[in-house]
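Report on one structure; see the data block that follows.
None of the figures in this text is laboratory data; all of them are computed from the coordinates on show. It should be emphasised that the depicted structure is a prediction, and the values quoted were computed from it without experimental measurement. Cβ atoms come from the backbone with ideal geometry, glycine included; neighbour counts cover every protein chain shown.
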Amino acid sequence: MADDSERKPNVTYSAPVGSVDLMAFDDDGNPYEIWACEDCLPWHAEVVLVEGEVLVREWHAVDCPQFKQLMED
């Protein structure tokens, strides 16, 4: 079986997805711009209210490099 470095990432519409919650506004109250992910097809976002705070929930393919970076931060 190939290790992760040899395996091609699955970033198609049928890929498993995961989510990360991000701040919707900066410290001055300005909204962040949201751009679609260029690295995975199943990317989408939704606005959620969590404990009174407005957040942006981004969904990515779990193999997406952008998702992996967000999970590390």
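The chymotrypsin sites (Phe, Trp or Tyr not before Pro) of the chain meeting both criteria, a DSSP state outside H, G, I, E and B (loop) and at most 11 other C-beta atoms within 10 angstrom of the site's C-beta, are Tyr13, Tyr32, Trp35.
By the equivalent-ellipsoid construction on the alpha carbon gyration tensor, segment 34-73 comes out with semi-axes of 20, 12, 7 Å, ordered largest to smallest.
The eigenvalues of the Cα gyration tensor, multiplied by 5 and square-rooted, give the chain an equivalent ellipsoid with semi-axes of 27, 12, 11 Å from largest to smallest. Our helix-only sum for the chain, with -39,500 (n - 2.57) per DSSP H run of n ≥ 4 divided by its residues, gives a mean residue ellipticity at 222 nm of -3000 deg cm²/dmol. Remark on the chain: Cys37 stand apart, with no other cysteine beta carbon under 4.7 Å.
Given DSSP loops and a limit of at most 14 other Cβ atoms within 10 Å, what is the longest stretch of the chain that contains no such GluC sites (Glu not before Pro)? Walk me through the intermediate numbers first.
Details: sites that count: Glu6, Glu33, Glu38, Glu51.
That would be 7-32.
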